Amino acid sequence: MTVIRAFETHEIRHQKELSGVWTFSPLDGPRADESFSVAVPSCWESYPAFGDYRGKGRYTTQFSGGGNLRLVCKGVGHSAQVLLDGETICTHYGAYTPFDALRTGVADGAHTLEIIADNGFSEDSALHVANDYHSYGGITRPVVLEWVPDVFVQRLAFTPCLGVDGVWEAQMRVTVTNLSSREQWVAVRATLCGVDCDFGGVDVPASGQAEAEGTFRFPQAQTYHLSQPTLYLLKVCLYDGEGRALDDLIERVGFREVRVEGDKILFNGEPIRIKGFNRHEDHGQFGSALPFQAMDADLNLLLDLGANAVRTSHYPNDELFLDLCDEKGILVWEESHARGLSEKQMQNPNFDRQSADCIREMLLAHYNHPSIFIWGILNECASDTQYGRSCYERQLAQIRATDRSRPVTFASCKYPWDISLDLPDVVSFNIYPGWYHDEPSAQYLQEMYEWLQDKTPGRGKPFIVSEIGAGGIYGYHVSNGLKWSEEKQAQILDDQLRAVLSHPGTAGVFVWMFADCRVSPENFYARPKTMNNKGVVDEYRRRKLAYDAVKAVFTSPDYR
Ligand code: ADA
């Protein structure tokens, strides 16, 4: 079985992981309606017969039980229709965020669960489009079945804050759902760091939700430092009038603060210097459905490379990956889904709704991860047009309405035309000197920096170089300076990295990218092997010369 989270999320609520062997039937193409046994989670591209399948596929399994059932899907690529005993119980768009379906009073006995996944491109899909990464198909993250009582904990939001006397405090909000048709009273209590947190009682309206809020002090709490990432289990429990425990939810939290001051990003009051990597959820063997061990191995390579940060380009990641970042003290730039959309693509009638859903689901699911230090949106979209700007404005406002405890940013490539740099807290640019053009890195960066400071409202804000990079094909060795060789890639990265890290005006850099990834075949003409080959390791994590080049810079005493 797979691992769902890096810690137990319930001691009271009964959960059953539905990972395992399911039946898969493609609904389109020459093998339509044939049946195959497949692993869940997985991508259908991992099966030789479906390596390039684009369309719909039906996944089927059975389970037994009854009562109030909550089905949680951590990720289905990219659209899902979920059916219980033949009846649709929910639909969802977007491969990279979790969703759930609730069914009350289900009769005891055997049940059939079907999930129809669809990775097709059409006007209906504004975010999953032919792109410089692959929109894999299938149930790509775990599926979990939960038995919930009539009143249960929907979610829990934890916001730490350092008190004036140096003692950690936290504001907590518990959302409680009532499935029954009458109002219900419950008491809400939590434990954290040896403190009992009493939220009092809440009346939860029939078929509705209520919130319990409180701010508590934690004199024993140790600060979450990147070098010593101390994590605590926060256990919330609901009780009825007789003091009987009804339901629980456990989150894992850390006490730390992120703040922007002038052109610095402060983590617990100290300026951070980002030495990071962009990473796609992609692996030669597993597609986007990386197992726990492969995620862990990726992060171990990142640490070996001397990196301290990862950008989840260009979509929210599996929460298990975020759990591991929390544990290892790796900073995370988490990004909502969108890459390189033109103004016309942003005008797709589904764009606003699909983006807003993705952002909402990302924030609700990932709010408590201490490693996430910044939220990003809309990589390289139309921040240079009025219409595009209005989308950036809306999306940043949506994030700030939920989370004021982290800065927000977007990675732009619109130098020198960007008209949206007044909007984010942190300004970020993707640059490729030496790869897409020949201007020397240091000179190009300095020109951009002067333009930012002299001509834009981005002046004085922290500035991250969110991408630098160059292509290199694993095993292609020539020393005549030709592009795509490992030698040339290593040389360009060395030059770009030294230019960025020695520039006093930047808060740091994210290398594009960690590992080679597959791209949509529709983009193959600019991408040898139908891959984006800018990884410092290839899709099987074999090291290129760039690995040692980046490691040498990241670990050099010159760039502490
Ligand atoms: C962009 C983009 C990446 C990738 C990269 C490249 O900056 O953000 O997704 O496409 O360029 O490889 O050119």
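Quickly run through region 380-426 and pick out the residues that are under 24 Å from GLU450 (Cβ atoms), outside any loop (DSSP other than H, G, I, E, B) and polar (S, T, N, Q). Within region 380-426, THR409, SER412 qualify.
Scanning region 428-459 for residues that are buried (at least 17 other Cβ atoms within 10 Å of the Cβ), of a type in the set (Ser, Thr, Tyr) and within 13 Å of the ligand (Cβ to nearest atom) yields SER428, TYR432.
Remark: GLY505 matches the filter, which requires a residue to be within 17 Å of LEU445 (Cβ to Cβ) and either touching a residue at least 60 places away in the same chain (Cβ under 8 Å) or of a type outside the set (Phe, Trp, Tyr) (or both).
The rows are residues; the columns are (1) farther than 24 Å from HIS134 by Cα; (2) acidic (Asp, Glu); (3) over 28 Å from the mean Cα position of the chain (by Cα).
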position	(1), (2), (3)
PHE7	yes, no, no
LEU18	yes, no, no
SER35	yes, no, yes
VAL38	no, no, no
LYS56	no, no, no
PHE63	yes, no, yes
GLY67	yes, no, yes
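Among what's in region 91-107 and is closer than 20 Å to ALA126 by Cα and of a type outside the set (Gly, Ala, Ser), pick the residue that is surrounded by the fewest Cβ atoms within 10 Å (Cβ to Cβ). Within region 91-107, the match that is surrounded by the fewest Cβ atoms within 10 Å (Cβ to Cβ) is THR91. Here ASP494 fits the description: surrounded by fewer than 22 Cβ atoms within 10 Å (Cβ to Cβ), modelled with pLDDT of 95 or more and of a type in the set (D, E, K, R). Would region 386-403 turn up any residue that is within 16 Å of the ligand (Cβ to nearest atom), modelled with pLDDT of 95 or more, of a type in the set (A, V, I, L, M) and over 30 Å from GLN228 (Cβ atoms)? No, that holds for no residue.
Yes or no, residue by residue, for (1) assigned by TED's automatic domain parsing to the domain that holds GLN354; (2) over 22 Å from the mean Cα position of the chain (by Cα); (3) part of a loop (DSSP other than H, G, I, E, B):
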{"site": "THR91", "(1), (2), (3)": "no, no, no"}
{"site": "ALA95", "(1), (2), (3)": "no, no, yes"}
{"site": "ASP108", "(1), (2), (3)": "no, yes, yes"}
{"site": "ALA117", "(1), (2), (3)": "no, no, no"}
{"site": "ASP124", "(1), (2), (3)": "no, yes, yes"}
{"site": "LEU127", "(1), (2), (3)": "no, no, yes"}
{"site": "TYR133", "(1), (2), (3)": "no, no, yes"}
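Within region 192-230, the set of residues being open to solvent by 40 Å² or more (accessible area, probe 1.4 Å) and part of a loop (DSSP other than H, G, I, E, B) comprises GLY194, PRO205, ALA206, SER207, PRO219, GLN220, GLN222, HIS225, LEU226, SER227, GLN228. Pairs are defined by a Cβ separation below 6 Å, a sequence spacing of at least 6 or placement on different chains, a first member in region 6-19 that is within 17 Å of PHE321 (Cβ to Cβ), and a second member that is modelled with pLDDT of 95 or more; the pairs so defined are ALA6/ASP323; PHE7/ARG252; THR9/ILE250; SER19/VAL40; SER19/PRO142.
Look through GLU146, GLU169 and report the one residue that is farther than 27 Å from ASN317 by Cβ and under 30 Å from the mean Cα position of the chain (by Cα).
Just a single option satisfies the conditions, and that option is GLU169.
Checking SER336, SER342 one by one, the residue that is open to solvent by 40 Å² or more (accessible area, probe 1.4 Å), within 16 Å of the ligand (Cβ to nearest atom) and assigned by TED's automatic domain parsing to the domain that holds ASN533 is SER342 and no other.
In this structure, ALA187 does not satisfy being within 16 Å of the ligand (Cβ to nearest atom) and either modelled with pLDDT under 95 or open to solvent by 10 Å² or more (accessible area, probe 1.4 Å) (or both). For region 250-302, the set of residues classified as open to solvent by 50 Å² or more (accessible area, probe 1.4 Å), not aromatic (Phe, Trp, Tyr) and not in a helix (DSSP H, G or I) consists of GLU257, ARG259, VAL260, GLU261, GLY262, ASP263, LYS264, GLU270, PRO271, ARG273, GLN285, listed by residue number.
Limited to region 462-489, what total is found for residues that are touching a strand residue (DSSP E or B) at 6+ places or on another chain (Cβ under 7 Å) and more than 16 Å from the ligand (Cβ to nearest atom)? The qualifying residues number 5.
The values are calculated or read from the model by the stated rules, or taken from the named source; none is laboratory data. As the structure is a computational prediction, the values presented were derived from the model and not from experiment. Don't worry about glycine lacking a Cβ; one is built from the backbone with ideal geometry, like all the others, and counts go over all protein chains shown. Quick note on the areas: whole protein, heavy atoms, side chains included, nothing else; ligands and nucleic acids left out. Shrake-Rupley method; radii C 1.70, N 1.55, O 1.52, S 1.80 Å.
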